Amino acid sequence: MTAPRQLFEGTTYLVTRRCSERRFFLRPSRKTDAIFLYVLALAANRYEIQVHAFCVLSTHFHLVVTDPHARLPEFHRYLDGLVARAMNCSLGRWDGFWERDSYSAVRLENDNAVIEKLVYVLANPVAAGLVRRGLEWPGLWSDPALIGGEPIIAERPTEFFRKMGRMPASVSLQLHRPPGFESDAAFPERLGKELRDAEDRAAAELAGEGRSFLGAARVLAQKPYARPAPGEPRRGLNPRVACRTKWKRIEALQRLEEFGWAYRKALEFWRAGVRNVLFPPGTWLMRVQHAALCGEACG
C-alpha cells in the first residue's frame, strides 16, 4: 500500500512532477508556456492554492505552494490532468504524459526550509547547466520580484481550449509571499541574495568540471521527443519533509511515522465494517472520498 499522505491546512510544499521517459515534452515554446501558465492559474484559483514560485524545465516542473484548505491532491489532479491533455493535443500524441510515480510533495517544516526551496526552484535552470541566471531561462520562471506584487495575467491558449468554450478568456495568477514572510521587509533582499549565491555556486561547479552552459538558443532548438543523455540518478531518496534543523526534522519524521501507524490501524477497522472509527488528524483520502471521521489537529 502506498504510504498515506498527511495534509494539514496552511502547509507549504515543494512540488515536483516529471515527464514520461524524461522527454522534453515541456520544452519552452509559446504554446507550452501558454498552456502551463493558464492551467496553473486556473488550478490555483479553483482550489485556493497560494503559489509562491514556479519553474518549468523541459523534462519537469517545480512549484512552491501553500495549501490553506488541505486541497493539494485535488489541485494537482486538476493541474496535471489538464496540462497532460492540452500538451498531448499540442504535440499530437495520446500516451501518458507524466512519468509514473514521479509526483513529489515535500512538506517544508520551517521558514529556512521555505527560503531554501524557493532558491532551489528559481536556481534550477542554472543548477541544470542550462543558463547562467534563472532570469535568462526562456521558459516559465517566476521572477521573485513579482512575489506579493501585481498578478500575472494568463490568456486562454488557442491550442486545445475552444474559443467559445466555458473556460475564461483570461485568468490571473497572484504570486503570494509565503506564510511567516507577509510583513518581513527583508524577505525580497534575502531571497534575491540567496538566489544569486546559489547561481554563482552552480556556475563555479560547472566551470570546475570543465563544462559550459547549454544556453537559451540550444534549449529552444531541442525536440519535444528527445531526452537528456543517460546518467540521472535513480532510486534515490524520496523525502516527505524538508528541514535543515536535525531535531526538528527527526520530530517531523516521527510524527509522520505515528500518523502512518494510526492510519493503518483505523483502516483495518474500516475494512472490517466499523464506520465510526476515527482516522488520525490530517487524513485526506478517507475523509474526502469516503466521508470517514477524522480527529482534529492540535494547536
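Helix-only mean residue ellipticity at 222 nm, the chain, DSSP H runs n ≥ 4 weighted -39,500 (n - 2.57), per residue, nearest 500. What is it? Taken over the chain, the calculation gives -12000 deg cm²/dmol.
Provide, in order from the shortest bin, the percent of all Cα-Cα pairs of segment 1-139 in each 5 Å bin, continuing until the bin that contains the maximum pair distance. Each 5 Å bin holds this share of Cα pairs: 2, 10, 19, 23, 21, 16, 8, 2, 0. Under the convention that each Lys and Arg Cβ holds +1 and each Asp and Glu Cβ holds -1, the size of the dipole of segment 1-113 around its Cα centre is about 520 debye.
Dipole orientation for the chain: of the candidates 135, 242, 29, 29 has the Cα lying most toward the positive pole (charges on Cβ; Lys, Arg +1; Asp, Glu -1). Dipole size of segment 149-299 about its Cα centre, with +1 on Lys/Arg Cβ and -1 on Asp/Glu Cβ: approximately 720 debye, rounded to the nearest 20.
A prolate overall shape is assigned to segment 248-294, the ratio a/c of its alpha-carbon gyration tensor axes (a ≥ b ≥ c) being 1.5 or greater and a/b exceeding b/c. Could you tell me which label, among [x] 6, 25, 33, 24, 10, 2, 0; [y] 6, 30, 37, 22, 5, 0; [z] 5, 18, 20, 16, 12, 8, 7, 6, 4, 2, 1, 1, 0, 0, 0, 0, carries the value of P(r) over Cα pairs in 10 Å bins from 0, in percent calculated for this structure? Of the labelled values, this structure produces [x].
For the pair residue 226 and residue 189, a Förster radius of 45 Å applied to the C-beta separation gives a FRET efficiency near 0.70, rounded to the nearest 0.05.
Springs between alpha-carbon pairs under 10 angstrom, Gaussian network model over the chain: which of 45, 110, 276 fluctuates most? Result for the chain, Cα springs under 10 Å: 276 fluctuates most. Between residue 155 and residue 218, the FRET efficiency estimated from the beta carbon spacing at R0 = 35 angstrom works out to 0.80.
For 13, 120, 103, 263, which order do you get if you count the other beta carbons within 10 Å of each Cβ and list the fewest first?
103, 120, 263, 13
With an 8 Å cut-off on Cα pairs and a minimum separation of 6 or more residues, tell me the relative contact order of the chain in percent. For the chain, the relative contact order is 25 percent. Counted residue by residue at 0.36 nm each, then reduced by the alpha carbon distance between them, the extension gain from residue 21 to residue 240 reaches 76.5 nm. For the residues 58, 20, 212, a GNM of the chain with alpha-carbon springs under 10 Å puts the largest fluctuation on 212. Each Lys and Arg contributes +1 and each Asp and Glu -1, all at the Cβ; summed about the Cα centre of segment 68-180, the dipole is approximately 400 debye. Among the lysines of the chain, pairs at least eight places apart or on separate chains and with Cα atoms under 19 Å apart come to 5.
Read-outs: derived from the displayed coordinates by stated rules, not from any lab. Values in this document were obtained by computation on a predicted structure and should not be read as measured data. All Cβ positions, glycine included, derive from the backbone under ideal geometry; neighbour counts span all protein chains shown.
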